[in-house]
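Note sheet for the following structure.
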Amino acid sequence: MERFILIPPTDFCIYNNNRYNLAITAHVTHLKKDRLLRIGISEHTGEGITGTHLYYYFNPDLSINFVEMGDGFQHERDKLVKEGKLSPTLSYTEEYFNILKNNIKYWDGDGFAAYHELKDSQ
């Protein structure tokens, strides 16, 4: 079955007045004995901030395995959280990684849904 994945912009991306994030890379990578699809997403396309990337690693069935973040993303987003401009939690926490993972949606033929809601995900 074909799969379409929606990785929505983060709160950091929206705060910086970017309507969309940008896929910058996608390739298969091997970590330990796992073969994973790595998709890199830029969360800020403006000037003056670099390294605001997130890397999403998907299993062969396209379920999310884990997420990594660039130093610039963590630093800039955490600064905004500490200034009260973005909602807690800080970026490099299990809670925030779970938020990122849970925001990923998959096309089921009728609309976008969470992975566990897909008819053929079992």
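Any read-out appearing in this document is the output of simple, stated calculations on the displayed coordinates, not a laboratory observation. Computed from a predicted structure; not experimentally measured. Cβ atoms come from the backbone with ideal geometry, glycine included; neighbour counts cover every protein chain shown.
Quick notes
- With Cα atoms, 0 to 90° folded angle of helix 71-82 axis to the chain main axis: 60
- Read-out Rg/Rh (Cα atoms, Kirkwood Rh), derived from the coordinates shown; its label in [x] 1.96; [y] 0.98; [z] 0.91: [y]
- Length-normalised contact order of the chain in % [C-alpha pairs under 8 Å, at least 6 apart]: 21
- Too-long pairs where the Cα-Cα distance tops 28 Å, listed order kept, from 33/105; 33/101; 32/85; 32/101: 32/85
- Two-site FRET efficiency, residue 101 against residue 33, from Cβ-Cβ distance with R₀ of 25 Å, rounded to 0.05: 0.70
- The helix-only estimate of mean residue ellipticity at 222 nm for the chain, built from DSSP H runs of length n ≥ 4 each weighted as -39500 (n - 2.57), is -6000 deg cm²/dmol after division by the residue total.
- Spacing of the two label points (7 Å from each Cα toward its C-beta) at residue 24 and residue 4, in nm: 2.6
- Within the chain, the longest run free of exposed loop sites, counting chymotrypsin sites (Phe, Trp or Tyr not before Pro) that sit outside DSSP helix and strand states (H, G, I, E, B) and have at most 15 other Cβ atoms within 10 Å, spans 21-91.
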